[in-house]
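What follows draws every value from the coordinates through simple rules; no lab data is involved. On a predicted model such as this, the values are computed, not experimentally measured, just so you know. Because the Cβ atoms are built from the backbone with ideal geometry, glycine has one as well, and the counts that use them run over all protein chains shown.
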Amino acid sequence: MKKLIIILLSIFTIFSLVGCKDSSKGTQGNNEKKEIVVGASPVPHKEILEKVKPILEKEGYKLKIVEFTDYVTPNTALQEGQLDANFFQHVPYLKKSNEEKNLDLDYTVKVHIEPMGLYSRKIKNVNELKKGSVIAIPNDATNGSRALRVLESAGIIKLKSGELVSKLDIVENPRGIKIQELDAPQLPRVLSEVDGAVINTNFAIEGKLNPTKDALVIEAKDSPYANILAVKKKDKDKGYIKALSKALNSEEIKKFIEEKYNGNIIPAF
């Protein structure tokens, strides 16, 4: 009887150890996932990621791109685990989103800069703006602030000092310019309805606008608003995120950005 009990205990121990080993292997497999799901806006982010695909394939990873056309959903989807990363925003926007929505997101690498510009279908020069002209800007806090600074750089308005400003912070407005706040993707579509609009380069390109040729005023190329790869803080050091970050900062991608966008979009690495 004692021998039988010893044999049974031995068998139980062996199966327990095998089970632990298999469980450990399963956990490791989750950390070493081979499909990376990334949310991105169409232009230029999705276009850049399409060029990243073959680079990642050489490292054994498959890249799945999920397209978004707004500035809110990609961060929510990332926080909720529907995405492994997203690529559509700059650092100030990410920080603001974290604060406002209590998100736990961070970024790994800066990829490119998209200079914001003032566009118009009605005038050829900012000096042609009349009393009460309407200029549309993005309605989110960070891009709205950035757009107002573009107008200030052209001498159209003067603002209070500070990292983030709104139209309430305009201290000088000699032409009585009216600021209209709209969703960023709508701005190219309403351009014929307003006197001007300050548009993010990705949406300007989608609207068949050339920032270098069509913008009446364009943001300085040393802008701090570099577009980034955003991830959950807890995922920053995972192998698949490191592989994606490295691919986005590769020489192949730098060359693609320089050649494809001809200076309208600039590598930030």
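Could you work out the local net charge near residue 202, counting Lys and Arg as +1, Asp and Glu as -1, over the other residues with Cβ closer than 11 Å to its Cβ?
Working: positive: 46; negative: 47, 114, 206.
Net charge around residue 202: -2.
Sort 168, 148 so that the residue with the fewest other Cβ atoms within 10 Å of its own Cβ comes first and the one with the most comes last.
Working: 168 7, 148 23.
Exposure proxy ranking, most exposed first: 168, 148.
Over the chain, what is the percentage of antiparallel beta bridges among all DSSP beta bridges, to the nearest 5?
On the way: 17 of 33 bridges.
That works out to approximately 50 percent antiparallel.
Spelling out what I want: for every residue of the stretch 225-242, take phi, set θ = phi - 60°, compute 6.51 cos²θ - 1.76 cosθ + 1.60 (Karplus), and round to whole Hz; glycine and proline get x.
Ordered by residue, 3J(HN,Hα) equals 8, 6, 7, 10, 9, 9, 9, 6, 3, 5, 9, 4, 9, 6, x, 5, 6, 4 Hz.
Over the Cα atoms of the stretch 130-269, Rg to Rh with Kirkwood Rh, two decimal places?
1.03
Output the relative contact order of the stretch 117-218, whole-number percent, from Cα pairs under 8 angstrom with separation of 6+ residues.
Details: 187 pairs, mean separation 45.0, N = 102.
Worked out over the stretch 117-218, it gives 44 percent.
Run the helix sum for the chain: -39,500 (n - 2.57) per DSSP H stretch of 4+ residues, divided by residue count, reported at 222 nm to the nearest 500 deg cm²/dmol. Intermediate values should be presented prior to the final figure.
Values: 9 runs with 104 residues, N = 269.
So the helix-based figure for the chain works out to -12000 deg cm²/dmol.
Can you tell which of 88, 71, 55 lies farthest toward the positive end of the dipole of the stretch 55-104, using +1 and -1 charges on the Cβ of basic and acidic side chains (Lys, Arg; Asp, Glu)?
Going by the Cα projections, it comes out as 55.
Scan the chain and report its longest stretch carrying no GluC sites (Glu not before Pro) that are both in a DSSP loop and have at most 15 other Cβ atoms within 10 Å.
Details: sites that count: 32, 59, 80, 163.
That gives 164-269 as the longest site-free run.
For Kirkwood radius over Cα pairs in Å, one of (i) 19.5; (ii) 18.5; (iii) 20.8 was computed from the structure I shared and the rest are decoys. Which label?
(iii)
Return one number: the angle in degrees, 0 to 90 and rounded to the nearest 10, between the long axis of the Cα atoms of helix 47-58 and the longest principal axis of the Cα atoms of the chain.
20 degrees
Only counting other Cβ atoms within 10 Å, I'd like 73, 201 sorted with the fewest neighbours first.
Working: 73 16, 201 26.
Least crowded to most crowded, the residues run 73, 201.
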